[in-house]
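Chemist: Take a look at this one; I'll ask things after.
The values are calculated or read from the model by the stated rules, or taken from the named source; none is laboratory data. None of these values were measured; they are calculated from a predicted model. Positions of Cβ are backbone-derived with ideal geometry, glycine not excepted, and every protein chain shown enters the neighbour counts. Quick note on the areas: whole protein, heavy atoms, side chains included, nothing else; ligands and nucleic acids left out. Shrake-Rupley method; radii C 1.70, N 1.55, O 1.52, S 1.80 Å.
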Amino acid sequence: MMDNPEGQTPEEELKLAFARMAGFVIGAGLLLLGGGILLILIAAAFFRFAYGG
């Protein structure tokens, strides 16, 4: 592992790591939530078509 390639202090590196982790968690959550909603909409459309509702 490289030692401070950009001359960052350990505190700045920790802040950057936390920001990356938070961004990943938010992005993954949005993808999962959006995928779940899409799945519900597809299922609703399928059952409406299948049962002629």
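Chemist: Over the chain, average the accessible area per residue using a 1.4 Å probe and give it in Å², no decimals.
Modeler: That works out to 95 Å² per residue.
Chemist: What does the charge dipole of the chain about its Cα centre add up to, to the nearest 20 debye, if the Cβ of each Lys and Arg holds +1 and the Cβ of each Asp and Glu holds -1?
Modeler: Roughly 600 debye for the chain.
Chemist: Anyone know which of A19, A28, A43 comes out most mobile in the 10 Å Cα GNM of the chain?
Modeler: Its mean-square fluctuation being the largest, the pick is A43.
Chemist: Now, a different point. Return one number: the angle in degrees, 0 to 90 and rounded to the nearest 10, between the long axis of the Cα atoms of helix 10-51 and the longest principal axis of the Cα atoms of the chain.
Modeler: The angle comes out near 10 degrees.
Chemist: Still on this structure, I have one more. Looking at the chain from every direction and averaging, what is the projected area of its Cα convex hull in nm²?
Modeler: 5.2
Chemist: Over the chain, with every protein chain in place, what whole percent of the accessible area is carbon and sulfur at 1.4 Å, could you tell me? Intermediate results must be reported in sequence, preceding the final value.
Modeler: On the way: 3740 of 5050 Å².
Ligands and nucleic acids excluded, carbon and sulfur give 74 percent.
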